[in-house]
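Novice: This is the structure, below, for whatever I ask next.
The values are calculated or read from the model by the stated rules, or taken from the named source; none is laboratory data. Nothing here was measured: the structure is a model prediction, and the numbers come from that model. Glycine gets a Cβ as well: all are built from the backbone with ideal geometry, and neighbour counts include every protein chain shown.
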Amino acid sequence: MNTIHRDSPDDSQTGVSIRVLRPCRKLLTERHIGAVVILGADYRVIGILSERDIVRALAEHGPTVLSEPISQVMSRDVQACSEDDTIGDLMSRMTIGRFRHLPVVQQGKLIGIVSIGDVVKSRVEEIDQEAKTLREYIQNA
């Protein structure tokens, strides 16, 4: 199967309420994640804050930026995907857009997040399965 899977709401870090950059940076480090999805009051995606966003802000404004609201640093033009998107579609969009995380939405609301690592892992598993199937076919021919 080459479609993405749904993570539980607990896996997508939706219950965290942070308004400024410094604690968000700490959250990324502690949870070993590369991005957090920023939700509006209605649980709709309004932005995404990645490690790249933080590094860019630090380079442009220095360490004082860590006291700024997340809304000043986050990426607002967020591309999202659905459960029905294929791994190939995700690989293409992530490569062309040069980003590593895609929120997964259903009816406009966040249901998960997929990273480039998830996509690569799925593709490797798919290739391994194809190779196994071909070996079995050749052995039984």
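Novice: Based on what the data block shows, is M91 touching a residue at least 12 places away in the same chain (Cβ under 8 Å), in contact with a helix residue (DSSP H, G or I) (Cβ under 7 Å, 6 or more places away or on another chain) and not assigned by TED's automatic domain parsing to the domain that holds V37?
Specialist: Numbers: touching a residue at least 12 places away in the same chain (Cβ under 8 Å): yes; in contact with a helix residue (DSSP H, G or I) (Cβ under 7 Å, 6 or more places away or on another chain): yes; not assigned by TED's automatic domain parsing to the domain that holds V37: yes.
Yes.
Novice: Continuing with the same structure: Quick check on my filter: what residues within the range 70-89 are over 26 Å from R25 (Cα atoms) and of a type in the set (A, V, I, L, M)? Spell out how you get there, then give the answer.
Specialist: Step one: filter the range 70-89 for residues over 26 Å from R25 (Cα atoms), giving 82-89.
Listed by number, the list holds a single entry, I87.
Novice: Could you identify the single residue in V104, V114 that is closer than 17 Å to V36 by Cβ and touching a His at 6+ places or on another chain (Cβ under 8 Å)? Step through it out loud before you land on a result.
Specialist: Working: V104 fails: touching a His at 6+ places or on another chain (Cβ under 8 Å).
Matching residue, one of V104, V114: V114.
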